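Taking it in order: structure first as structure tokens, then the write-up.
The values are calculated or read from the model by the stated rules, or taken from the named source; none is laboratory data. None of the values given here were measured: they were computed from a predicted structure. For neighbour counting, all protein chains shown are included, and Cβ atoms are generated from backbone atoms with ideal geometry for every residue, glycine included.
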Amino acid sequence: MDSVGQVFNVRSFGARGDGSTRDTGALQAAVDACAAAGGGAVLCPPGTYLTGTVELKSNVDLRVEAGATLLGSTSQADYDLSNKLPVADFRHPHLNPAHLVFARNAENVAITGPGRIDGQGDSFFGPRAPGENWFSLKGWRPDRLIAFINCRNVLIKDVQLSNSPGWMLWPLGCEQVRIHRVRIITNPWGPNTDGIDPDCCRDVHISDCQISTGDDCIALKSSVNLLSSPRACENVTVTNCTLSSTCCAVRIGYEGDGPIRNCTFSNLVFSNTRTGINMLVPRHAEAGIQHGPAIENIAFSNLVMDTRIPIYLWIGDEAAPPGGIRNVSIADVLATTERGCYLGGSQTIPIEGLRIANLRLEVRGEMDDEFAAAVPYPYRVWDYFDKRGIPHALYCRYAREVEFHDVRVAWGRASGSWHSALRAEHVADLEVDGLVARQGPGPAGAPVVHLTDVQGALVRGCRAEPGTGTFLRADGASAGALSAIGNDLGAAGQPFELAGAAASRGFFQESNRVPR
């Protein structure tokens, strides 16, 4: 909502705004009066308002003016610790009901700026334990600093949100959510300090935001066990944002069993970030996740990524139908990476319908040979982030209907045991169109493209760069038909190397330029 109607100045209700007096009662009284009058704006003029939990209500715009700060209390006694969810019994290992600002079952509710809401997160963090990436917790902390639960027509605009002790902004079970021109800054080493986490929400539009966090910048979730009736997280658009994180820029999945579908991400810049695009389908029965989310119909376009791992798609070995990753498009990407991209389904649930197009991938960093012989299966999602990991620029397995179009891999400042530009195992219906690359700087003999137990592959329009040894190697006992058409392999020492079933089950080639 863009607020209309009366304006209720919190100073008129006794708020001091001096940074030391607790203004919770005055803020809540202003909200209640505004709601009772039929709606309007609750105005926070310049000042620092120390507060605990404030509940917003229908038709109320909490307007934080320039020079005003809502400062979250560090005292547990100032927070409402009652359960605000629509279910009384839920399983979630980290969910804390203490929010600084929240609304539930409300319509036409807003937080607008250009002032600031500060959760004083650093006050809840202790030193890092040896070997840990993130700070420890001193004890209790508020979490999901700003929460909207079962709300409709939610607006967060032109406000700065900073220093959350946990997740910053959590809409759960909401419809028609607009988040526009919001700046979110949390401690880069603060545990669980996500930016925006739409959870089981419909019709969400996030645009023109700057987000820098210690956990996921934007995370789409489907925690249906927290709602009285299941619903999807769907119809989400994210555009024109800059994202920076010590974890993931965009995460889809991990928490919840509900579908996550029909979402687009465009015109995004990821900087100084561990993982760019992260999709996870686990099963954690102890947290109420019985099979994992069904992630479907997701499109990314026009991305610039400075990351350790640009793309990480993972289906856990214990996930079960209908969980999965289906119909994903990633296009028009400039990315740097220190680790190989992982595109992995499970033996029982393959990734289906993956398309990567117009990708420019520059590989940097040193690779070791821990996974040189084979990438472990199951590939444990948390076990390998601190390892150098996948020794291939792109690694895909247990998938079907996979397409790579117009991909260029540059090895840049890569060193160590890097192997292939593209490695695929146990993939059905693979198309590689317009790949330009050579093998990595690792051991001699690694091919540019290595296919093992791939059934139904088409390799066309590709070009071997100078210094290429073997361009295409196909092997495996269950390999199927392979076609190579119209490739420029004149710079390759050996264009094709076939072994196992790949040598006997229908290799077709035509119009390829090969070495003389």
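Observations
- Candidate set: the range 155-169, residues that are hydrophobic (A, V, I, L, M, F, W, C) and assigned to a loop (DSSP other than H, G, I, E, B); chosen: the one surrounded by the most Cβ atoms within 10 Å (Cβ to Cβ): Met168
- Qualifying residue in the range 296-318 (condition: within 21 Å of the chain's Cα centre (by Cα), surrounded by 24 or more Cβ atoms within 10 Å (Cβ to Cβ), closer than 18 Å to Val402 by Cβ and modelled with pLDDT under 95): no
- Of all residues making up the range 321-349, the number that are in a strand (DSSP E or B) and either of a type in the set (Lys, Arg) or over 20 Å from Gly258 (Cβ atoms) (or both): 14
- Those residues of the range 166-189 which are of a type in the set (Phe, Trp, Tyr) and closer than 15 Å to His99 by Cβ, in sequence order: Trp167, Trp170
- Some residue of the range 497-512 being touching a residue at least 24 places away in the same chain (Cβ under 8 Å) and within 19 Å of Pro391 (Cα to Cα): no
- Qualifying residues in the range 280-291 (those that are touching a strand residue (DSSP E or B) at 6+ places or on another chain (Cβ under 7 Å) and at pLDDT below 95) - the one farthest from Ala331 (Cα to Cα): Ile289
- For the range 185-223, filtering for residues that are of a type in the set (A, V, I, L, M) and in contact with a Lys or Arg (Cβ under 7 Å, 6 or more places away or on another chain) leaves 1.
- Pairing each residue of the range 392-408 that is on the phi < 0 side of the Ramachandran plot and surrounded by fewer than 23 Cβ atoms within 10 Å (Cβ to Cβ) with any residue that is not aliphatic (A, V, I, L, M) and not in a strand (DSSP E or B), provided the two are 6+ apart or on different chains, yields C-beta distances under 7 Å for Arg400/Pro350; His405/Gly434.
- Filtered by the rule that a residue be part of a loop (DSSP other than H, G, I, E, B) and among the polar types (S, T, N, Q), the range 476-511 gives Ser478, Asn487, Ser504, Ser511.
- Of all the numbered requirements in (1) out of contact with any Cys (no Cβ under 6 Å at 6 or more places or on another chain); (2) surrounded by 23 or more Cβ atoms within 10 Å (Cβ to Cβ); (3) over 25 Å from Pro515 (Cα atoms), Ser420 misses one, and that requirement is (3).
- Hey, Glu366 under 18 Å from Pro310 (Cα atoms), part of a strand (DSSP E or B) and at pLDDT below 95 or not: yes
- 2 or more residues farther than 11 Å from Ile117 by Cα: qualifying strands (runs of 3 or more DSSP E) within the range 37-91: 40-44, 60-64
- Filtered by the rule that a residue be outside any strand (DSSP E or B), at pLDDT 95 or above and among the aromatic types (Phe, Trp, Tyr), the range 106-137 gives a lone residue, Phe124.
- Residue match in the range 478-493 (condition: among the acidic types (Asp, Glu) and within 36 Å of the chain's Cα centre (by Cα)): no
- Within the range 319-337, the residues that satisfy the criterion of being within 17 Å of Val402 (Cα to Cα) and among the small types (Gly, Ala, Ser) are Gly324, Ser329, Ala331.
- The residue list Asp194, Asp122 contains one member that is of a type in the set (Asp, Glu) and crowded, with 18+ Cβ neighbours inside 10 Å, which is Asp194.
- Residue check for Arg11: among the charged types (D, E, K, R) and within 33 Å of the chain's Cα centre (by Cα): no
- Qualifying position, being crowded, with 16+ Cβ neighbours inside 10 Å and touching a Lys or Arg at 6+ places or on another chain (Cβ under 7 Å), among Arg388, Arg413, Arg463: Arg388
- Qualifying residue in the range 49-61 (condition: touching a residue at least 60 places away in the same chain (Cβ under 8 Å) and of a type in the set (D, E, K, R)): yes
- Condition met for Arg202 (basic (Lys, Arg), surrounded by fewer than 24 Cβ atoms within 10 Å (Cβ to Cβ) and under 30 Å from Pro114 (Cα atoms)): yes
- For the range 335-346, residues that are under 22 Å from Asp368 (Cβ atoms), crowded, with 22+ Cβ neighbours inside 10 Å, in contact with a Pro (Cβ under 9 Å, 6 or more places away or on another chain) and hydroxyl-bearing (Ser, Thr, Tyr) total 1.
- Looking only at the range 409-432, residues that are at positive phi and of a type outside the set (Asp, Glu) come to 3 in all.
- For the range 238-254, the candidate set comprises residues that are surrounded by fewer than 24 Cβ atoms within 10 Å (Cβ to Cβ) and not hydroxyl-bearing (Ser, Thr, Tyr); within that set, the residue that is modelled with the highest pLDDT is Asn240.
- Selection status of Ile349, within 24 Å of Thr242 (Cα to Cα), surrounded by 21 or more Cβ atoms within 10 Å (Cβ to Cβ) and of a type in the set (Val, Ile, Thr): no
- Scanning the range 411-439 for residues being under 28 Å from the mean Cα position of the chain (by Cα), closer than 18 Å to Arg339 by Cβ and not in a strand (DSSP E or B) gives a total of 7.
- Scanning the range 125-153 for residues that are buried (at least 18 other Cβ atoms within 10 Å of the Cβ) and more than 22 Å from the chain's Cα centre (by Cα), we see that the one that is nearest to Gly195 (Cα to Cα) is Pro142.
- Failed criterion for Arg380 (all others in (1) part of a strand (DSSP E or B); (2) closer than 29 Å to Gly292 by Cβ hold): (1)
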